[in-house]
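Since the structure comes first, as structure tokens, the remarks are kept for the end.
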Amino acid sequence: MRRIDREMDRDFALMVVDKCEYATLAMIDTDGTPYCLPISIARDEDIIYFHSAKDGRKIDALRNDPNVCMSCVGDTLRAKDKFTTEFESAILRGKASEVTEDEEKIHGLKLICERHTPTNMHEFDTAIEKSLFRTGVWKIEIADITGKRKKYDKEGKEIKFGRME
């Protein structure tokens, strides 16, 4: 990380992962070129779950090379009086693997649904009965994670070195 003065600790990075609206998953496509796409995620300790179709470009790439990098962006605020943006972000690396056991697939999907559609959980069991067999679930075991933030205090001074407000 070039701007070490903006680095935050692991707990901060995990908080960003937990609150980001979506994450961007980067991988190497089967032809050796970079490929990335947005995904809906949920975290359980050091495992990130996401859902997908059972086949397609993303699945081919992950099966070919499971090494991934994921970026998450938390809160942002565009400055009105300078050319900058306040932000918080997390970058993690790990290996992706397909979840094949129904019990873990349901666990991952439940975490994703509780996070992204909590008001519809009364329909979860019905949806699982109808679509578990055709839904892919993958997990990323976090190998390393970093967090970064640019934020100003009430006096307009940048908060540095992991200081929380």
(request) Could you grab me the full set of residues in region 53-108 that are among the basic types (K, R), open to solvent by 60 Å² or more (accessible area, probe 1.4 Å) and over 15 Å from D144 (Cβ atoms)? (result) K54, R57, R63, R78, K80, K82
(request) Considering only region 6-46, state which residues are in contact with a Cys (Cβ under 7 Å, 6 or more places away or on another chain), of a type outside the set (A, V, I, L, M) and not in a strand (DSSP E or B). (result) C20
(message) It is to be established whether one or more residues within region 84-100 are assigned to a helix (DSSP H, G or I) and not charged (D, E, K, R).
(response) no
(message) Could you check region 117-165 and list, in sequence order, the residues that are at pLDDT 85 or above, of a type in the set (G, A, S) and loosely packed, with under 12 Cβ neighbours inside 10 Å?
(response) S131
(message) Taking the condition of being open to solvent by less than 30 Å² (accessible area, probe 1.4 Å) and over 12 Å from the mean Cα position of the chain (by Cα), how many residues in region 41-52 meet it?
(response) 1
(request) State whether one or more residues within region 25-33 are of a type in the set (D, E) and closer than 30 Å to E155 by Cα. (result) no
(request) Among the residues of region 112-163, count how many are free of Cβ contacts under 8 Å to residues at least 60 places away in the same chain and of a type outside the set (K, R). (result) 24
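The values are calculated or read from the model by the stated rules, or taken from the named source; none is laboratory data. Every value quoted in this text rests on a predicted model; they were computed, and no experiment measured them. Note that we place each Cβ from the backbone using ideal geometry, even for glycine, and neighbour counts take in every protein chain shown. To get the accessible areas, we keep the full protein, side chains included, count just its heavy atoms, and leave off ligands, DNA and RNA. Shrake-Rupley method; radii C 1.70, N 1.55, O 1.52, S 1.80 Å.
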